[in-house]
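Trainee: Pasting in a structure now, in structure tokens, and then I'll have a few things to ask.
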Amino acid sequence: MINLTNVTVTHGKRTLFRNAGFLVRPGDKIGLVGPNGAGKTTVFRLIMGEETPAEGEVQVISGIVLGYFSQDVGEMSGRSALEEVLAGAGKVHEIGLELRELEHRMADPGGGLDDAAMERYGKLQEEFLHRGGYELETRGQTILNGLGVGPDRWDQPVETFSGGWKMRIALARILVLNPDVLLVDEPTNYLDVESIVWLEAWLKEFKGALVMTSHDREFMTRICFRTVEVAGETITTYSGDYDFYLRERVIRREQLLAAQRRQQATLAKEEEFIARFAARASHAAQVQSRIKTIEKIERIVVPPDPKVIKFEFPPTKRSGDVVVDFQGLAKSWPLPDGRQLPVFSGVTGKVLRGNRIALTGVNGAGKSTFLKVVSGLTEATAGTCTLGASVQLGYFSQYSCDALKAERTVFEEIQERLPMATIGYIKNLLGAFQFSGDDSDKKVSILSGGEKTRVMLAALLTQPINFLVLDEPTNHLDIASREVLLEALQEFDGTVLLVSHDRYFLHHLANRVFEIDHGSLTTYEGDYDYYLRKRAELHGPSGH
């Protein structure tokens, strides 16, 4: 269906890949992986024809329908949410609009249709039926609902939605198109766990070919059975899922290192022969022959190991056994008309030292609000929330990044928080978060979302914290960065309370679960797997 052959792409002086290629076959489910900036999005742009390679060829079979979801959703206005989604169906939607116009003319007593228009109406009706047009609206509603946009919001003007909700609408537009090849760039970034589970099921059932990037390891592993890595100026195909890719990559790298060592040993012998006999006329022909031979040998290059964050939280002062005690806790937000919008009420429980608590619940259940009440960022409407003895709390959310000063450099942001620290110490701390060399001199204003998250996590390390309250700490972090953060939290000797939609993260970290549902809190005294089992017994399997 799609074939990239001997493709070379350069951006300025930088080569993204050279003589690279891969194939997309019917029904393929491909996970596109690699470090940030390696060229994954460029692969999508090449397939869509938005970018042309310096060398090589991109072949896309004529007539196939491509659907591309990117993080740049563009402007949306002038339609309702449902109309915006249905418009994504392209030709089917256009036929539907023309049919509706012809039907209005047919219904007009003074108008009607001539023979040519009636013939066109019949042909359009046949094509509309063939393309599944009569199920289009139902399909659009189902997809919007699955992505968390309920019936009460279908008729809402699309321009009134926030950026994150517009992302969901843009994703629904691509899904309703039901293309032959679906290209999806980070679909889970703005979704909660429920929507991720729904999307996972939809993509598993999708009959076309799929190529996607995702920072959510579990999501990608469950869907994709082939993995294509973009890294080290090349594109490498692995015939298995993400877990297989991780194992196979290590094996291939070891084989490449062994081959490189053998080659270097052979070259060293040849060069030794040339050096020893270069001056002897009797060996001149042999020397020249060997010089030509080693000039023709293509040197084996082993790409560098991808850089990952490597850090650990500093030792903390021990807190009391009870870290947080909340009794009858309630929160509501005031509405413009003077009424109160209840978020949760009657919430009672305790966070104990050493707990790693996952706070779960559907989107809008009040998880972030609960974290803010615990952290003292907003006052409870009723009840009490008391921090225990010697608790030193550190709070992180995606909005924490707003506290960064745009005009400062990364180095200056950390130096501001550690005025007594040496330059070397700050450089080492930033190096652990992938800000090495000149990267620490980058202005905050030009940082990506993932870079800002890493700066704020580094800033947390500047404080003597023994209770971490984290609201979506993995947002915008790539898989490698998420896993090193996970490892650091597993070794952290304090207490953790967090919200995350990354199920791999929750499976490997949580030892207790708090669930907020319909305004009340349920406590599960076990890990995330225990929580899913108990929840399934109560509500049926959710597929998390």
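Trainee: Just checking: which of the strands (runs of 3 or more DSSP E) contained wholly in region 319-394 hold 1 or more residues that are under 29 Å from Gln463 (Cβ atoms) and aromatic (Phe, Trp, Tyr)?
Mentor: The qualifying strands (runs of 3 or more DSSP E) are 322-334, 340-352.
Trainee: I'm checking my understanding of the structure. Among residues of region 182-220 that are outside any helix (DSSP H, G or I) and among the polar types (S, T, N, Q), which one is surrounded by the fewest Cβ atoms within 10 Å (Cβ to Cβ)?
Mentor: Asn189
Trainee: Test Thr227 against the criterion of being under 22 Å from the mean Cα position of the chain (by Cα), under 29 Å from Thr42 (Cα atoms), β-branched (Val, Ile, Thr) and not in a helix (DSSP H, G or I), and give yes or no.
Mentor: When the stated conditions are applied, Thr227 passes them.
Trainee: Against the definition (hydroxyl-bearing (Ser, Thr, Tyr) and assigned to a loop (DSSP other than H, G, I, E, B)), how does Thr41 come out, yes or no?
Mentor: Here the answer is no, as Thr41 does not meet what is asked.
Trainee: If you don't mind, there's one more thing I want to ask. Considering each of Gly431, Gly450 in turn, give the residue that is free of Cβ contacts under 8 Å to residues at least 60 places away in the same chain and surrounded by fewer than 20 Cβ atoms within 10 Å (Cβ to Cβ).
Mentor: Gly431
Trainee: So, restricting to helices (runs of 4 or more DSSP H) that lie completely within region 412-519, which ones have at least 3 residues that are closer than 24 Å to Glu229 by Cβ?
Mentor: Those helices (runs of 4 or more DSSP H) span 449-460, 479-491, 503-509.
Trainee: Right, Gly361: buried (at least 16 other Cβ atoms within 10 Å of the Cβ), at pLDDT 90 or above and at positive phi or not?
Mentor: no
Trainee: Would you confirm whether or not region 249-261 contains a residue that is buried (at least 17 other Cβ atoms within 10 Å of the Cβ) and not aromatic (Phe, Trp, Tyr)?
Mentor: Among the residues of region 249-261, at least one is buried (at least 17 other Cβ atoms within 10 Å of the Cβ) and not aromatic (Phe, Trp, Tyr), which makes the answer yes.
Trainee: List, please: which pairs have Cβ atoms under 6 Å, are six or more places apart or on different chains, and start with a residue in region 36-60 that is on the phi > 0 side of the Ramachandran plot and end with one that is among the polar types (S, T, N, Q)?
Mentor: Gly56/Thr5; Gly56/Asn6; Gly56/Thr8
Trainee: If I go through region 151-176 residue by residue, how many of them are exposed (fewer than 14 other Cβ atoms within 10 Å of the Cβ) and at pLDDT 90 or above?
Mentor: Count: 3.
Trainee: For the structure I just gave you, tell me whether Gly63 is touching a residue at least 24 places away in the same chain (Cβ under 8 Å), part of a loop (DSSP other than H, G, I, E, B) and either loosely packed, with under 12 Cβ neighbours inside 10 Å or of a type in the set (Lys, Arg) (or both).
Mentor: No, not satisfied.
Trainee: Only one of Leu82, Leu124 is within 24 Å of Val176 (Cβ to Cβ), free of Cβ contacts under 8 Å to residues at least 40 places away in the same chain and surrounded by 12 or more Cβ atoms within 10 Å (Cβ to Cβ). Can you tell me which?
Mentor: Residue meeting the stated conditions: Leu124.
The values are calculated or read from the model by the stated rules, or taken from the named source; none is laboratory data. Treat the numbers as computed from the prediction; the structure is a model and nothing was measured. Note that we place each Cβ from the backbone using ideal geometry, even for glycine, and neighbour counts take in every protein chain shown.
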